[in-house]
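Heads up: the structure comes next, in structure tokens.
The values are calculated or read from the model by the stated rules, or taken from the named source; none is laboratory data. Computed from a prediction, not measured in an experiment: that's the story for all the values here. Because the Cβ atoms are built from the backbone with ideal geometry, glycine has one as well, and the counts that use them run over all protein chains shown.
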Amino acid sequence: MLVNWKYRPRDTFIQRLDPRTRFIFMACIVLALTLPEIWDYRIIFSLFLLSLTLYLMARIPWKDVRRAWMYIFILVFFIVGINAVLFGRGGPSSLTSYPSPVVFVLSLLGWEKPITVARLWFAVVQIARMLTMAMLALPFPYTLDPNIYGITFKRMGVSDQISFTMDLAFRFLPTFARDLTITIDAQRARGYEVEKLSGGIVSRIQRLAPLIIPVTMQSTVTGEEVIDAMDLRAFGTARRTWLKELHYAPRDYLMIGLGIAIFIACCVLKWVYGIGDFIVPDFFIKLFV
Amino acid sequence: MSNASITMDERGRTWEFGTRQVVYGAIGAALYGVLSWATNIFPLPAAGNITFRPAVAILIFFSIAYGPWVGLLAGLIGNTLGDMLTGWGLYWNWSVGNGLMGLVAGIGFLTIINYRGTRDILKAIGWGTLGIAVGMLFASLTEMFVSGIDLSTALVGYFLPAFLGNFVVTAVLLPILMIAFAGVAARRGR
């Protein structure tokens, strides 16, 4: 078993961006959608297209992201989508009182639920809203070098200690994955069947102990050795320097500017002009009437 | 009591943030990340939409053994690593929720003296449960803003399954981890 880190260097616009730019841009879009509570399909669909464009520009092969998309689709379509259609939950309070024709009445075990056009449209909008955010977050593990997370957060104002913790965690990852592999192999040699955990839930969890305990206890011993080594090098007594340096390029300023502009525009539209509330377009109503 | 020596020395420095916290925060995060990812390879079947993440017990253990900062960092970074390894992207609110889970459970570090003692093990489970409740509640409630779900969906669809799954795992594995740790700490003598 190998930890298959998803990152692959590709010469794309997304990978040429400074990592700080990508985090700031994502934060701007998430805040633009959530802080002023935007539910207007015109704004959401525009941001959805922008997000989709950036996602496609990352050029991540489908086979790499297939599993992740499956998880996102299940969450978005079944949990959020169906919930939105049946109950109209989660959206603005105006949704439940939004005047719209009934498409059909869902009858289940004596329980009747009128499904309105507004609820159907709300499900579409909510799915687009969630996918907009998911498409910005999903590419990170595939397109950002694990070695630059530490310096990225340091240059975003996070302290040396926390940035170094992050850096160290990335470096420990393959070591502990290897330890886990060795432990699994050793336990298998003693007749432990990892794939065949039987019994009740508690006993199944208990049976994971032969894998978890040795790796965890070994890591606590390793920790003491690392602390000794770092203390001997006077860690934390002076400001740290970092091996890699990050520099903004003009494209980074452009992207950060775009992100901030979108955030400000959404706030102004909602709070100054009152645009951004949930509305059902006429063409959608006409489909059912 | 040799197995308690490691905490007797540190208890007065609960909120200190030095080399020890940096290293164990990183180790906790890496372990949490690796085991979260491994759970996807050897999934534990569960009832309904409750999923079991055995790695949560590691997070609570690191919080109880090394304090709140270690718990915060292990949860925050570890959850991010686990999601990234699996290729799920970044879910900031669940990572912060996991960080809070470690932070709150880590306050229990103050109260644990004997890692083998039944009373202290129960205390640790209690702090772990409180941490799970706070962390998962935060993550579930912030989903209302992130995903636009309503309060009842946040509580019934997100919080309850996450809380129950994490609680069961912690209640089963934490005592085993604590007893094993007592033995290691006694052998190491520091």
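Summary of values
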read-out: Members of segment A:253-287 found to be part of a helix (DSSP H, G or I), of a type in the set (Asp, Glu) and under 18 Å from B:GLY148 (Cβ atoms), listed by number; value: none
read-out: Residue count for segment B:101-142, restricted to those that are surrounded by fewer than 23 Cβ atoms within 10 Å (Cβ to Cβ), in a helix (DSSP H, G or I) and among the aliphatic types (A, V, I, L, M); value: 10
read-out: Subset of segment A:231-289 [among the hydroxyl-bearing types (Ser, Thr, Tyr) and at pLDDT 90 or above]; value: A:TYR248, A:TYR253, A:TYR273
read-out: Cβ-Cβ under 8 Å pairs, at least 6 apart or on other chains, segment B:131-160 side more than 13 Å from chain A (Cβ to nearest Cβ), far side surrounded by fewer than 22 Cβ atoms within 10 Å (Cβ to Cβ) and of a type in the set (Val, Ile, Thr); value: B:PHE138/B:VAL96; B:ALA139/B:VAL96
read-out: Residue within segment B:150-159 that is under 22 Å from A:MET133 (Cβ atoms), of a type in the set (D, E, K, R) and not in a helix (DSSP H, G or I) present; value: yes
read-out: Residue check for A:LEU232: exposed (fewer than 13 other Cβ atoms within 10 Å of the Cβ) and more than 33 Å from the chain's Cα centre (by Cα); value: yes
read-out: Failed criterion for B:ILE50 (all others in (1) modelled with pLDDT under 90; (2) closer than 21 Å to A:TYR149 by Cβ hold); value: (2)
read-out: Tally, over segment A:20-63, of residues that are surrounded by 15 or more Cβ atoms within 10 Å (Cβ to Cβ), assigned to a helix (DSSP H, G or I) and not aliphatic (A, V, I, L, M); value: 12
read-out: Restricting segment A:180-209 to residues that are more than 10 Å from chain B (Cβ to nearest Cβ) and either in contact with a Phe, Trp or Tyr (Cβ under 7 Å, 6 or more places away or on another chain) or not in a loop (DSSP other than H, G, I, E, B) (or both), the residue that is surrounded by the most Cβ atoms within 10 Å (Cβ to Cβ); value: A:THR183
read-out: Qualifying residue in segment B:174-184 (condition: touching a residue at least 60 places away in the same chain (Cβ under 8 Å), within 8 Å of chain A (Cβ to nearest Cβ) and crowded, with 21+ Cβ neighbours inside 10 Å); value: yes
read-out: First in segment A:15-35 and closer than 15 Å to A:LEU54 by Cα, second anywhere and among the hydroxyl-bearing types (Ser, Thr, Tyr), Cβ under 6 Å, 6 or more apart; value: A:GLN15/A:THR143; A:ASP18/A:TYR248; A:PRO19/A:THR152
read-out: When residues of segment A:235-267 are limited to those that are within 14 Å of another protein chain (Cβ to nearest Cβ) and loosely packed, with under 10 Cβ neighbours inside 10 Å, the one nearest to B:ALA182 (Cα to Cα); value: A:THR237
read-out: Candidate set: segment B:54-100, residues that are of a type in the set (A, V, I, L, M, F, W, C) and not in a helix (DSSP H, G or I); chosen: the one modelled with the highest pLDDT; value: B:LEU90
read-out: Candidates A:PHE13, A:PHE45, A:PHE78, filtered to the one that is touching a Leu at 6+ places or on another chain (Cβ under 9 Å) and not hydroxyl-bearing (Ser, Thr, Tyr); value: A:PHE13
read-out: Any helices (runs of 4 or more DSSP H) falling wholly within segment A:93-178 and containing at least 2 residues that are under 23 Å from A:VAL30 (Cα atoms) and over 20 Å from the mean Cα position of the chain (by Cα); value: A:117-137, A:149-155
